[in-house]
Each structure stands twice: as C-alpha cells, then as structure tokens.
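K.L.:
I have a structure here, written as structure tokens, and I will follow up with some questions on it.
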Amino acid sequence: MKAPADPRLILSEGELDLGLELMLLAETGLWTAVDAAMAAEPSGLGRSHWRAAFLLRRRPGAGVKEIARLTGLSKQAASRTLADLESRGLAEKDQGDLDSRRRPARLTEAGLVFEARIAERLRAMVGQAYRDAGLDGVASARRILASLAGPRLGVRREDP
C-alpha cells in the first residue's frame with residue numbers, strides 16, 4: 001500500500017536535479033564495476049549478458065519477452081543475449097508448458113558462478129552505500145528505487 005504524500009515535502013528543481021545527477025553517476029559507478037569484473041570473463045560477454053544472468057537468478061523461468069521488458073532490450077537483442085548464455089553453458093531454456101514458443105530460461109551451475117563473480121563487486125558497493133545511509137536510509141532507498149522502477153517491472157519493495 002502506498003503511503004500518502006507528506007505535505008511538508010517540497011522539492012525544488014535544484015534538489016530534483018541533484019537527485020537525477022546522483023542517480024546517473026551511481027549508474028555509471030555500477031556499470032564501471034561490472035565492466036571491470038567482465039574484463040576477466042571470456043571474450044564476447046558483456047553487460048547485457050551479466051544483466052540477463054542476474055535477472056535469471058532473481059527470476060528463474062523468465063523468458064525472452066520478460067528479459068526484454070525488464071532490461072529495455074529489444075526482443076531480438078534479449079533473444080540473442082540468452083542464446084549467447086546458452087551457447088556458453090551458462091543458461092538453459094526449457095520447453096514451455098502451455099505455449100511452445102515461450103521457453104523459460106534458468107541459469108546452469110556455471111551460470112550461477114558467472115553471475116556471482118560479477119555481482120560480488122556490486123553487492124559490496126551497495127552494502128557500503130546502505131551502511132553509509134544507515135538503517136532508515138536502506139528502507140527509504142528501496143522505496144525510492146522501487147517507485148522509479150515502477151510496478152510494471154514487477155519490482156518488489158521488501159524483497160531481501
């Protein structure tokens with residue numbers, strides 16, 4: 001349930017711009033960490049591969065359409081990314097129960113290891129940011145990010 005807006009909260013354009021700037025810089029920091037970790041991975045794997053692997057770990061059974069929706073990739077690019085993961089033994093696609101065109105994917109053991117190697121750096125960064133923000137900051141950050149991601153993306157606010 002969404003909490004009512006606090007009428008005392010008045011945000012200036014400058015405060016909103018600072019928030020946008022910080023989010024853009026935070027995104028850059030996260031992707032820089034992903035790129036650094038990906039440098040040690042086999043050639044041909046990039047950000048989209050790790051991002052798809054991360055989402056498959058969090059949402060086993062996601063298919064091309066869901067990966068495309070969650071990442072903003074086209075269906076063709078999401079399909080290619082999943083095919084790359086599958087060809088390297090990092091993911092497997094199952095036959096759909098009701099629709100043979102929908103092929104849910106999941107990470108293999110090797111895929112879980114790949115995803116964890118990259119996510120380890122990011123978890124450390126997010127953990128430090130949460131510690132810097134304090135107990136109240138963690139819940140607030142989750143609420144802000146979940147609101148920005150939107151319910152259309154299936155974001156769960158209280159998912160540990």
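The values are calculated or read from the model by the stated rules, or taken from the named source; none is laboratory data. Source: prediction; values computed, not measured. We place every Cβ from the backbone using ideal geometry, glycine too, and count neighbours over all the protein chains shown.
K.L.:
Got a sec? Which of ARG51, ARG69, ARG106, ARG47 is surrounded by 17 or more Cβ atoms within 10 Å (Cβ to Cβ), among the charged types (D, E, K, R) and in contact (Cβ under 8 Å) with a residue 12 or more places away in the chain?
P.N.:
Working: ARG69 fails: surrounded by 17 or more Cβ atoms within 10 Å (Cβ to Cβ); ARG106 fails: surrounded by 17 or more Cβ atoms within 10 Å (Cβ to Cβ); ARG47 fails: surrounded by 17 or more Cβ atoms within 10 Å (Cβ to Cβ).
Result of the check over ARG51, ARG69, ARG106, ARG47: ARG51.
K.L.:
Sticking with this structure for a sec: Regarding LEU24, is this residue farther than 16 Å from ALA116 by Cβ, in a helix (DSSP H, G or I) and either at pLDDT below 95 or not polar (S, T, N, Q) (or both)?
P.N.:
Working: farther than 16 Å from ALA116 by Cβ: yes; in a helix (DSSP H, G or I): yes; either at pLDDT below 95 or not polar (S, T, N, Q) (or both): yes.
So LEU24 passes the test.
K.L.:
What pairs can you find where one residue is in the range 128-150 and within 14 Å of ALA26 (Cα to Cα), the other is among the aliphatic types (A, V, I, L, M), and their Cβ atoms are less than 6 Å apart, with a gap of 6+ or different chains?
P.N.:
Pairs found: TYR130/VAL138.
K.L.:
Here's something else I'd like to know. Name the residue, out of ALA105, ALA129, ALA53, that is in contact with an Asp or Glu (Cβ under 6 Å, 6 or more places away or on another chain) and aliphatic (A, V, I, L, M).
P.N.:
Numbers: ALA105 fails: in contact with an Asp or Glu (Cβ under 6 Å, 6 or more places away or on another chain); ALA129 fails: in contact with an Asp or Glu (Cβ under 6 Å, 6 or more places away or on another chain).
Within the list ALA105, ALA129, ALA53, the selection yields ALA53.
K.L.:
Is it the case that the range 14-25 has a residue that's without any contact (Cβ under 8 Å) to a residue 60 or more places away in the chain, in contact with a Pro (Cβ under 8 Å, 6 or more places away or on another chain) and not aromatic (Phe, Trp, Tyr)?
P.N.:
No, the range 14-25 contains no residue that is without any contact (Cβ under 8 Å) to a residue 60 or more places away in the chain, in contact with a Pro (Cβ under 8 Å, 6 or more places away or on another chain) and not aromatic (Phe, Trp, Tyr).
K.L.:
Hey, among the residues in the range 29-39 that are in contact with a helix residue (DSSP H, G or I) (Cβ under 8 Å, 6 or more places away or on another chain) and small (Gly, Ala, Ser), which one's surrounded by the fewest Cβ atoms within 10 Å (Cβ to Cβ)?
P.N.:
The initial filter retains those residues of the range 29-39 that are in contact with a helix residue (DSSP H, G or I) (Cβ under 8 Å, 6 or more places away or on another chain), namely 29-31, 33-38.
With small (Gly, Ala, Ser) added as a condition, the list becomes 29, 33, 36-37.
Working: GLY29: 13, ALA33: 17, ALA36: 11, ALA37: 16.
Ranking the candidates gives ALA36 first.
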